[in-house]
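Step one of this worksheet: look at the structure below.
The values are calculated or read from the model by the stated rules, or taken from the named source; none is laboratory data. Here the structure is a predicted model, which means the values were calculated and not measured. A quick note on method: Cβ atoms are made from the backbone with ideal geometry, for glycine too, and the neighbour counts reach across all protein chains shown. Calculation scope for accessible area: heavy atoms of the full protein, side chains included, ligands and nucleic acids excluded. Shrake-Rupley method; radii C 1.70, N 1.55, O 1.52, S 1.80 Å.
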Amino acid sequence: MTATEATERDDAAASVTTPSAVDPDPAPGTTSPQAPPLTARVAAELVGTATLVTVVVGSGIQATELTRDVGLQLLANSTATVFGLGVLILLLGPVSGAHFNPAVTLAEWWTARRGGAGVTLRETAAYIPAQIVGAVAGSFLADAMFGAPLAKWSTHDRSAGHLLLGEVVATTGLILLIFGLARTDRLRFTPVAVASYIGAAYWFTSSTSFANPAVTIGRAFTDTFAGIAPGSVPGFIGMQLIGAVVGLALVALIFTPGRSKAERPAG
């Protein structure tokens, strides 16, 4: 969530988008006066994204060394990602919101611009470079652990149109899930919900659900099971940003503020 793909920073510890650890029921990206300093939040985004990519790439390498069955390889890769992402959201959500994903960060910034809760422009400008650096570092770390060549461009072409459509669908669903949870005051479920969605999207999308521009960039640096050829990266990122826009539009359409129960007509 990839990331990831927003959580809350309250005692329920939630990703991919959340506020301060002292706010018992915050909206995504809200920055409390008692929130951790920006340096700590940026470090959390860097480390979290690096670890996420290490999980994705490392489990992919391990899977290909254990079996030649592509289905089993994808099963191993997706299972490791589900557990890894859920733990990272739970751990780092109270610090930075555990975005691990520029699409989520930009969506929160847009939400803030529109008068809602979200990250500031300064936070956005700090989060996104940290996420990208973390993703590249995570790819290097995974390759180093398995003795694979470091910083070798991937040769895994993913430029086909149906794969690009898969990225729009994957990112749309991720943004709809995160901000839908926020609109319905259910951010405490973010670690389980986001990890579960990404695990499912591995299988129901043609692209295996990158849904994350930083992770996409990081995975270009490894010529392994999880890699993506550099030439395919711009298309994937463009579709992910389109998906984020569509996701926010669906949030606005579906989760509109309703009247209170007392105001609703009887019968």
Chain lengthening between A40 and H156 when straightened (0.36 nm per residue, less Cα-Cα): 38.2 nm
Fraction of accessible area attributable to carbon and sulfur, segment 110-267 (%, probe 1.4 Å): 67
In Å², nearest 10: area of W203 left accessible to a 1.4 Å probe: 130
For D185, solvent-accessible area (1.4 Å; no DNA, RNA or ligand), Å²: 90
Sites A125 and D185, calculated FRET efficiency, Cβ-Cβ separation with R0 25 Å, nearest 0.05: 0.30
Cα pair distances in segment 142-267, grouped into 10 Å bins until the bin that holds the longest one, percent each: 13, 34, 28, 15, 6, 3, 1
FRET efficiency estimate (nearest 0.05) - Cβ-Cβ, L66 to F255, R0 51 angstrom: 0.75
Nearest-10 value in Å² for the accessible area of I198, using the 1.4 Å probe: 10
Solvent-accessible area per residue, Å², over segment 191-253 with all protein chains present [probe radius 1.4 Å]: 32
Around S139: net Lys/Arg minus Asp/Glu count, Cβ-Cβ under 14 Å: 0
Probe 1.4 Å, all protein chains present, accessible-area order of H156, H162, largest first: H162, H156
